[in-house]
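The values are calculated or read from the model by the stated rules, or taken from the named source; none is laboratory data. None of these values were measured; they are calculated from a predicted model. Reconstructed Cβ throughout: ideal geometry from the backbone, glycine too, with neighbour counts over all protein chains shown. Please note that ligands, DNA and RNA were not included when accessible areas were found on the heavy atoms of the full protein model with its side chains. Shrake-Rupley method; radii C 1.70, N 1.55, O 1.52, S 1.80 Å.
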Amino acid sequence: MNQLERIRKMHVRIMSHKTWCAFGPLVAAGTTTCTHDVPTAATNGIDKRYNPDFVKSLSDEELRFVILHEATHVAYMHLDVWKHLWDEDPQLTNIAADHFVNLSLQDSDKNEGFIKMPSVGVPPDPQYRGMSVQQIYNKLKQGQQGQQGQQGQQGQRGQAGGSPGGGEGIE
């Protein structure tokens, strides 16, 4: 079975699961492709792209998490609703949106075990629970500015665009 077939198999499992079946139309919408053009997975708001090597490295539970992760970005229309944030700082916006999505998935799973977050990505941080992407973005931005100010006071040069979530992020 190739990786695209495996993704489709997971779509069926999601569509027939009592908790996650509502995501059926979202995982089925648009096109799903495997490509080396993305490091992990990504969506343009409708279509989903997955790196086949990344997919191959995942357990079924992790793959379902990634599929639902992308579907959640689609459901909340993150690329449209937060366009002003994407225009300002796409990396920080992706991290903020990933915090939101990963917390939502973690909370919805209720330790059932149908999904499992892969070791890569923005780990769910409980301090952002109940916040919007905008609110998370603002907190992350304040944290970056505070770090840059501290580094400047210490005479160190900081790097812009670091990942405060601590990971490469599932796009």
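Cβ-Cβ contacts under 6 Å between residues 6 or more apart (or on different chains), taken from a first residue in the stretch 90-103 that is closer than 15 Å to V74 by Cβ and open to solvent by less than 10 Å² (accessible area, probe 1.4 Å) to a second residue that is part of a helix (DSSP H, G or I) and of a type in the set (S, T, N, Q), are listed as V101/T72. With respect to the conditions (1) assigned to a helix (DSSP H, G or I); (2) modelled with pLDDT of 90 or more, L79 falls short on a single one, namely (2).
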